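Q: Could you have a look at this structure, given as structure tokens, before my questions?
The values are calculated or read from the model by the stated rules, or taken from the named source; none is laboratory data. Note that this is a predicted model, so its numbers are computed, not measured. Quick reminder, even Gly has a Cβ in these numbers, built from the backbone with ideal geometry, and neighbours come from all protein chains shown.
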Amino acid sequence: MTDMSYLDGNMLDAPLRELFAVDLSGAMGRCENCGVVGPVGGLRVYSHAPGLVGRCPTCSQVMLRFVRSPAWARLDLRGTTFLQVPMPLDQPHPGPM
Amino acid sequence: MGIVSPGFQGRPRSSEPALPPGQYLTQDFPVLSAGPTPKVPLDSWEFVITTETGAEYRWSWSELMSLPQETPKVDIHCVTRWSKLGTTWQGVSLDTLLDGIDTDAAYVLAHSYGGYSTNLPLDDLRGGRAWVAHTFEGGDLPAEHGGPARLLVPHLYFWKSAKWVRGLRLMSTDQQGFWETAGYHDYGDPWREQRYQGD
Ligand SMILES: [Zn+2]
């Protein structure tokens, strides 16, 4: 019997495209260090740096790092327990269809 | 390129290009920072080297100042593509600080006040190529540039020269630091343009 306990990583493509088509400033994130939940738009972003560094406005710990190379983009979320994005089921999905 | 004045001293390699690939020359000193500037009072400042067996070697500010001082004049290269030539610093060589420390470690994680970190091979901190620097162009190193003291490892991209350095962890295996975990290169040789993982 085929092991159905996991799916191929390719299945992430569509959900992630949907996730990043939304306005992340409307997303909420939980700081792993202090536990506070707040909008991504409320992070303190340090941009005079080799990448973008988003810090918790309450405890200033790093919640997000974003590095853009010529070949790839990396979003590192260690420091963030969760990201929650507004995504009502009864509304059409945002972004190009 | 080719903007180096003919009277410029201290760069004997005149046949080599003045700048690593992809870099531009700047005269000012851009401030790069991944977070708030930590305020570190000198009377509580310390520098700690921790070996792979857990042994700790500590220096207070006055102990650092009482060690032999060097005044390296070096070029610095930031991964955000600016380079600054002929900068003069003062500090204590890592050869001096590592002298007498018993270790078989091959790697170092430099860590800083404020939480920053970066990884380097231990060998790159030896041989007169790395310092704990506290003076820039004759004055106290400004806090926005890493004062009271920063690591200075000018033969690697400048993110390896950890600002507000607090200590070194000597390790048998490589452990990535702040920008390396976010995709930057583990070694970071500007002349080989090792900006990102995989370069
Ligand atoms: Zn927090």
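Q: Pick out the one residue from B:W179, B:W191, B:W159 that is surrounded by fewer than 17 Cβ atoms within 10 Å (Cβ to Cβ), in a helix (DSSP H, G or I) and at pLDDT 95 or above.
A: B:W191
Q: Sticking with this one: B:A149 - would you say it is more than 13 Å from chain A (Cβ to nearest Cβ) and of a type in the set (A, V, I, L, M)?
A: Values: more than 13 Å from chain A (Cβ to nearest Cβ): yes; of a type in the set (A, V, I, L, M): yes.
Yes, satisfied.
Q: Next question. If you scan region A:69-93, which residues turn out to be without any contact (Cβ under 8 Å) to a residue 24 or more places away in the chain and either in a strand (DSSP E or B) or within 16 Å of the ligand (Cβ to nearest atom) (or both)? If you could, list the steps in order and put the result at the bottom.
A: Step one: of region A:69-93, the residues without any contact (Cβ under 8 Å) to a residue 24 or more places away in the chain are A:69-77, A:88-92.
If the condition is that a residue be without any contact (Cβ under 8 Å) to a residue 24 or more places away in the chain and either in a strand (DSSP E or B) or within 16 Å of the ligand (Cβ to nearest atom) (or both), then A:A73, A:R74, A:L75, A:D76, A:L77 are the ones that fit.
Q: Among the residues of region A:38-63, write down those that are more than 10 Å from chain B (Cβ to nearest Cβ) and of a type outside the set (S, T, Y).
A: A:G38, A:P39, A:V40, A:G41, A:G42, A:L43, A:V45, A:G54, A:C56, A:P57, A:C59, A:M63
Q: When region A:26-68 is examined, which residues are found to be more than 15 Å from the ligand (Cβ to nearest atom), touching a Lys or Arg at 6+ places or on another chain (Cβ under 7 Å) and assigned to a loop (DSSP other than H, G, I, E, B)?
A: Of everything in region A:26-68, just one residue is more than 15 Å from the ligand (Cβ to nearest atom), touching a Lys or Arg at 6+ places or on another chain (Cβ under 7 Å) and assigned to a loop (DSSP other than H, G, I, E, B), namely A:G51.
Q: I need the strands (runs of 3 or more DSSP E) fully contained in region B:59-137, keeping only those with at least 3 residues that are closer than 20 Å to B:W179 by Cα.
A: Details: elements: B:73-77, B:82-93, B:107-112, B:117-121, B:131-136.
Counting at least 3 such residues, we get B:107-112, B:117-121.
Q: Here's something else I'd like to know. Among all residue pairs at least 6 apart or on different chains, which show Cβ distances below 8 Å where the first residue, located in region B:70-89, is within 14 Å of another protein chain (Cβ to nearest Cβ) and the second is polar (S, T, N, Q) and crowded, with 16+ Cβ neighbours inside 10 Å?
A: B:H77/B:Q23; B:H77/B:S83; B:R81/B:Q23; B:W82/B:Q23
Q: Also, I was wondering about something else. Which of (1) surrounded by fewer than 21 Cβ atoms within 10 Å (Cβ to Cβ); (2) free of Cβ contacts under 8 Å to residues at least 40 places away in the same chain does B:H185 not meet, given it meets every other one?
A: Going through (1) surrounded by fewer than 21 Cβ atoms within 10 Å (Cβ to Cβ); (2) free of Cβ contacts under 8 Å to residues at least 40 places away in the same chain one by one, B:H185 breaks only (1).
Q: Of the residues B:S112, B:S161, B:S117, which is of a type in the set (G, A, S) and in contact with a His (Cβ under 6 Å, 6 or more places away or on another chain)?
A: Of B:S112, B:S161, B:S117, the one residue that is of a type in the set (G, A, S) and in contact with a His (Cβ under 6 Å, 6 or more places away or on another chain) is B:S117.
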